[in-house]
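**Q** Handing you this structure, nothing more for now.
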């Protein structure tokens with residue numbers, strides 16, 4: 001059993017409250033979505049859960065405040081995939097970029113490396129600079145560079161961004177498979193992505209203006225009429 005919990009989580013950036021008194025919990029293995037429009041606070045929420053930014057309140061990983069973990073211990077337990085993949089790139093080649101986390105966390109290279117590069121189809125450009133990649137290629141490399149560490153928790157920030165049809169298929173297949181043994185939380189503005197994985201998803205949390213305003217079952221996405229009120233394109237719009 002894996003648990004990640006936020007208690008009275010508040011984040012203030014540049015004098016503005018970006019998150020206000022968030023209380024929610026995730027139990028794994030399983031898949032959850034945090035659904036919200038751009039600027040709603042969903043990326044800030046994921047970064048707080050990963051311990052990447054200061055916050056007030058508590059974030060508990062398996063019942064322990066994440067501030068009691070060392071940075072290395074926390075990185076071994078929680079993998080965070082940035083919305084913009086270029087934020088995390090700094091190595092000279094794709095191969096070095098993907099292997100960096102293994103070196104940094106003193107992890108041995110296992111079959112996991114071959115598994116992720118094969119699944120996401122990045123084997124053909126391992127020797128290229130990550131800064132020479134297209135948006136979709138960079139997104140796939142960014143995911144590989146985190147998921148190769150095989151953490152028990154994955155936090156994916158808008159993972160569908162820049163991906164084409166094949167990339168989306170690979171992402172969805174990976175998430176469905178990995179959520180059987182890991183806790184995965186996806187933050188997105190795209191209700192269609194969460195609807196696509198409704199059979200695998202445990203719960204969808206709606207975030208608006210820095211607050212969790214609703215929690216719905218994935219099967220309720222089609223009948224929920226409140227999404228448009230918080231700036232989210234409803235499923236009915238895509239299907240009409």
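The values are calculated or read from the model by the stated rules, or taken from the named source; none is laboratory data. Keep in mind that this is a model prediction, so the values were computed, not measured. In this analysis, Cβ positions are derived from the backbone assuming ideal geometry, glycine residues included, and neighbour counts consider all displayed protein chains.
**Q** Could you name every one of the helices (runs of 4 or more DSSP H) located completely within the range 126-202 that has at least 1 residues being under 23 Å from residue 109 (Cα atoms) and either over 13 Å from the mean Cα position of the chain (by Cα) or touching a residue at least 60 places away in the same chain (Cβ under 8 Å) (or both)? Walk me through it before giving the result.
**A** Numbers: elements: 135-147, 165-178, 191-196.
Hits in the range 126-202: 135-147, 165-178.
**Q** Output the number of the condition that residue 60 fails; it satisfies all remaining conditions of (1) without any contact (Cβ under 8 Å) to a residue 12 or more places away in the chain; (2) over 28 Å from residue 160 (Cβ atoms).
**A** (1)
**Q** Does the range 9-31 include one or more residues that are touching a strand residue (DSSP E or B) at 6+ places or on another chain (Cβ under 8 Å), more than 24 Å from residue 204 (Cα to Cα), in a strand (DSSP E or B) and touching a residue at least 24 places away in the same chain (Cβ under 8 Å)? If you could, list the steps in order and put the result at the bottom.
**A** Let us first name the residues in the range 9-31 that are touching a strand residue (DSSP E or B) at 6+ places or on another chain (Cβ under 8 Å), namely 9-12, 17-31.
Pick out the ones that are also more than 24 Å from residue 204 (Cα to Cα) and you get 12.
Add one more test, that the residue is in a strand (DSSP E or B), and what stays is 12.
Narrowing the set further to residues that are touching a residue at least 24 places away in the same chain (Cβ under 8 Å) leaves 12.
Yes, the conditions are met somewhere in the range 9-31.
**Q** Would you check if residue 115 is in a loop (DSSP other than H, G, I, E, B) and modelled with pLDDT under 95?
**A** Answer is no for this residue.
**Q** Provide a single number: the residues in the range 214-240 that are in contact with a helix residue (DSSP H, G or I) (Cβ under 7 Å, 6 or more places away or on another chain) and in a loop (DSSP other than H, G, I, E, B).
**A** Adding up the residues that qualify gives 5.
**Q** Please work out which residue is farthest from residue 170 (Cα to Cα), limiting yourself to the range 203-240 and to residues that are surrounded by 14 or more Cβ atoms within 10 Å (Cβ to Cβ) and free of Cβ contacts under 8 Å to residues at least 24 places away in the same chain.
**A** Top of the filtered list is 213.
**Q** For the subset of the range 71-98 comprising residues that are touching a helix residue (DSSP H, G or I) at 6+ places or on another chain (Cβ under 7 Å) and in a helix (DSSP H, G or I), which member is nearest to residue 177 (Cα to Cα)?
**A** 98
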